[in-house]
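**Q** The structure is given below, and queries will be raised subsequently.
Bear in mind that the values in this text are calculations on the coordinates, not laboratory data. In this text the structure is predicted, and so the values were computed from the model without any measurement.
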Amino acid sequence: MGDGHFVHAEPGSFSEEVWPYTGATVPYGFRFFPEYSADSPFWSDVGGLVPIEDLPLSDGLKAELVAWNDYFERQYHWETGWRDKAGGTEFNEQGRSLCERAQAELGSDYAIRYDPWTWT
């Protein structure tokens with residue numbers, strides 16, 4: 001899996017939105033990446049930040065997602081990058097895993113693309 005991969009690639013039988021990264025038709029398509037001062041890593045091309053509270057995710061996963069973004073805010077500087085290169089690599093691996101877990105919890109009505117802008 002490379003960075004910016006599409007986690008759920010199976011097209012659904014829905015007509016609400018055509019997901020621009022694959023052409024799959026799904027009700028909800030999100031990009032997944034960290035951002036300063038954002039409590040959620042879910043971003044819609046249509047409406048911007050998607051609050052975690054608006055998604056049917058377990059409380060445990062929601063807490064892990066908030067902690068993941070908090071780590072980003074503490075450890076990544078927009079001009080100089082990661083304080084610790086190994087921490088950046090681990091962060092991106094954890095992000096992929098969280099994205100895949102979110103996809104599993106949300107199911108086939110959602111399509112999530114892991115799209116970090118913070119490279120190791």
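**Q** Based on the Cα coordinates of the range 31-114, what is the per residue volume of their convex hull in Å³? Present the calculation step by step, with values, prior to reporting the outcome.
**A** On the way: hull volume 7.7 nm³, N = 84.
Cα convex hull per residue, to the nearest whole number: 92 Å³.
**Q** So between HIS77 and ASP39, what do we pick up on full extension, going 0.36 nm a residue minus the alpha carbon distance?
**A** Fully extending the segment from HIS77 to ASP39 adds 11.9 nm.
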